Amino acid sequence: MSASKFSISLTNQILLATVIGLALGVIVGPAIEPIGSLGTIFLNLVMMGVPIVILGAVTEAVGQLSPGQLGKMGARLFTMFFLSTVIAAVIGVFFALLIQPGIGVNVEAAATNITGHGKSFTDIITSFFPKNIIAALGNGDMMQVIIFALFFGVATSVYMHKSGDDKVLELVKSLNKTILTLIGFVMKIAPIGVGALMAKVAGSTGLAVLLPLGNIYSPYLLPRH
């Protein structure tokens, strides 16, 4: 019998690590909280590549279009982006209401003073456009990254079709493949990161967290074809 038959998918590894982490957290208690640092490291490693992935993906998608296609596709892409966002939001709200994640968790919230951001509508729109793309990447400001990528993609397309030089587009494609490879490496330690985070949560909240988290993860346990 080949060893491949005993392989466990990454999703199931994460689910198994979640169960083990919760169990260890309940058994050990608050003393296990320092292990949460492993989970924080994992999240940081994932997030460090996300802005570059978005920058590269949007730039490549737009840069491959001809200048003529850009005008025709602009309205269509905007409509598809808007509709997909609305559909995703509706689906998310539906399942949140159905599963009700977090119900039953009694965690005392720290006393904080919550105030509004005080920005006008025009200020919010203006903030979408970056002053410095390096700062936007460093701060993880996804909207600013997307706006820059759209402009950069259009500029790449126009330059490439005028000069016949596609080196910039090919560089972006290579960068995308490299970053996705890097994220693939990081995702190999996802079970460790998730298990560490769950151990910290269970260690600080105890058994009260198990049932509500079961509501969240139960859909993943349904049979898949």
Restricted to the stretch 79-119, and to residues that are modelled with pLDDT under 75 and small (Gly, Ala, Ser), which residue is farthest from residue 202 (Cα to Cα)?
118
Starting from residues that are modelled with pLDDT under 90 and of a type in the set (Val, Ile, Thr), keep the ones in the stretch 20-34 and report whichever is surrounded by the fewest Cβ atoms within 10 Å (Cβ to Cβ).
27
Residue check: is residue 60 among the acidic types (Asp, Glu), over 18 Å from residue 187 (Cα atoms) and at pLDDT below 90?
no
Hits in the stretch 40-69 (condition: of a type in the set (S, T, N, Q) and surrounded by 15 or more Cβ atoms within 10 Å (Cβ to Cβ))
59, 64
More than 30 Å from residue 189 (Cα to Cα) and assigned to a helix (DSSP H, G or I): which single residue out of 52, 41, 27, 87 fits that description?
87
Being at pLDDT 75 or above, surrounded by 10 or more Cβ atoms within 10 Å (Cβ to Cβ) and either under 30 Å from residue 62 (Cβ atoms) or of a type outside the set (Val, Ile, Thr) (or both) is the requirement here; does residue 126 meet it?
yes
Output for Cβ contacts, cut-off 8 Å, separation at least six or different chains, first residue within 17 Å of residue 60 (Cα to Cα) in the stretch 162-185, second at pLDDT below 95 and of a type in the set (Ser, Thr, Tyr), reads 165/159; 168/156; 168/159; 169/156; 172/59; 172/156
Is there any pair with a first residue in the stretch 147-161 that is touching a residue at least 24 places away in the same chain (Cβ under 8 Å) and a second that is hydroxyl-bearing (Ser, Thr, Tyr) whose Cβ atoms are under 8 Å apart and which are 6 or more apart or on different chains, and what are they?
149/59; 152/59; 153/59; 156/59; 157/66; 161/66
Hey, among the residues in the stretch 158-209 that are surrounded by fewer than 18 Cβ atoms within 10 Å (Cβ to Cβ) and basic (Lys, Arg), which one's nearest to the chain's Cα centre (by Cα)?
188
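The values are calculated or read from the model by the stated rules, or taken from the named source; none is laboratory data. None of these values were measured; they are calculated from a predicted model. Note: ideal-geometry Cβ built from the backbone for every residue, glycine included; neighbour counts use all protein chains shown.
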